[in-house]
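This report refers to the structure that appears directly beneath it.
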Amino acid sequence: MLCLDLPPIGANEKVSINYNILVVEDEQLIRNMIALNLADEGYNVIQAENGREALNVLERIGEENSKEKIDLIILDLMLPEVNGLDICRLLRYRGNNIPILILSAKAAETDRVLGLEIGADDYVTKPFSMKELIARCRALLRRNNINNNISSAIRQFKDITLYTTECRVTVRGEEVSLSPKEFRLLELFMTYPKRVWDREQLIENIWGADFLGDTKTVDVHIRWLREKLELDPSNPEYIVTVRGFGYRFG
């Protein structure tokens, strides 16, 4: 059951940034009530009624040509098709750091600890105060905005961390030495994970459109990168060959 102690209109200052919040909740009354109150606070709300629909929304918005982005996910645990814990695990495994606020009827300490350990940023139990939920959303968005400003020069995926302004890379906690071209290749890959790049696109972005050498130099640099990043360069985990198309990171 939802505790409907709704804040009066005008009680709080409305947000001036167009944050997008994804509300994933299978109970329509709760989902609509959360969406209504968030919208009244000035947030843009996207709704999903099950786990599969939520993943489809995230996949669509994650596409390269999408002009949208999700700034916060309010995620119920007991969802049809794909449950909330699996969604949280999948996002964190993919290196997605969108703030996640779990909403659940499970109030036991072990359930809260599990949710936080798999990557959630906050955990609210039902029944809940709408005023408190909105305050927690505001706090998560504010904290994430501060963190983004601090870490905008950092790219991270699984065990690889790239520091753009320091021109250095660590792999599994150890710093590795990359040439300028290797570094720029990795930076491009980590900026656009899952995108497939062909040789010509990589040449244009890294070597420049006026490059007159052999495009096979891309393959050589990819091999060198794999030797420095991969546990098994012959069976790469990070830089994958997409036969007939090019290379993909992640």
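The values are calculated or read from the model by the stated rules, or taken from the named source; none is laboratory data. Please read all numbers here as calculations on a predicted model, not as lab measurements. Glycine also receives a Cβ, built like all others from the backbone with ideal geometry; neighbour counts cover every protein chain displayed. To get the accessible areas, we keep the full protein, side chains included, count just its heavy atoms, and leave off ligands, DNA and RNA. Shrake-Rupley method; radii C 1.70, N 1.55, O 1.52, S 1.80 Å.
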Here are some residues: 38, 55, 85. Which one is more than 21 Å from residue 124 (Cβ to Cβ) and at pLDDT 90 or above?
55
Scan (1) over 17 Å from the mean Cα position of the chain (by Cα); (2) loosely packed, with under 13 Cβ neighbours inside 10 Å; (3) modelled with pLDDT under 85 for the single condition residue 149 breaks and write down its number.
(1)
Within segment 198-249, which residues are open to solvent by less than 80 Å² (accessible area, probe 1.4 Å), assigned to a loop (DSSP other than H, G, I, E, B) and hydrophobic (A, V, I, L, M, F, W, C)?
211
Hey, could you check segment 105-128 for residues that are small (Gly, Ala, Ser) and touching a strand residue (DSSP E or B) at 6+ places or on another chain (Cβ under 6 Å) and say which is nearest to residue 23 (Cα to Cα)?
120
Which pairs turn up if I take residues in segment 185-202 that are closer than 22 Å to residue 156 by Cβ and look for partners that are of a type in the set (Lys, Arg) and crowded, with 16+ Cβ neighbours inside 10 Å with beta carbon separation below 6 Å, at least 6 apart in sequence or on another chain?
190/155; 196/248
Restricting attention to segment 168-186, does a residue exist that is assigned to a loop (DSSP other than H, G, I, E, B), at pLDDT 85 or above, small (Gly, Ala, Ser) and at positive phi?
yes
If you check every pair at least six apart or on different chains, which have Cβ atoms under 9 Å apart with a residue in segment 117-129 that is in contact (Cβ under 8 Å) with a residue 24 or more places away in the chain and over 10 Å from residue 88 (Cβ atoms) first and a residue that is surrounded by 18 or more Cβ atoms within 10 Å (Cβ to Cβ) and aliphatic (A, V, I, L, M) second?
126/30; 126/103; 128/103
Scan segment 39-53 and tell me whether some residue there is open to solvent by 10 Å² or more (accessible area, probe 1.4 Å) and under 30 Å from residue 237 (Cβ atoms).
yes
Scan segment 1-25 residue by residue and report those that are modelled with pLDDT of 50 or more and open to solvent by less than 60 Å² (accessible area, probe 1.4 Å).
15, 19, 20, 21, 22, 23, 24, 25
Considering every residue within segment 188-197, establish whether at least one is over 27 Å from residue 97 (Cα atoms), open to solvent by 60 Å² or more (accessible area, probe 1.4 Å) and of a type outside the set (Val, Ile, Thr).
no
In segment 149-167, which residue that is part of a strand (DSSP E or B) and out of contact with any helix residue (DSSP H, G or I) (no Cβ under 7 Å at 6 or more places or on another chain) is farthest from residue 60 (Cα to Cα)?
163
Consider residue 122 carefully, then state whether it is at pLDDT 85 or above, among the acidic types (Asp, Glu) and open to solvent by less than 50 Å² (accessible area, probe 1.4 Å).
yes
Take residue 79 and decide whether it is modelled with pLDDT of 90 or more, under 19 Å from residue 193 (Cα atoms) and open to solvent by 10 Å² or more (accessible area, probe 1.4 Å).
no
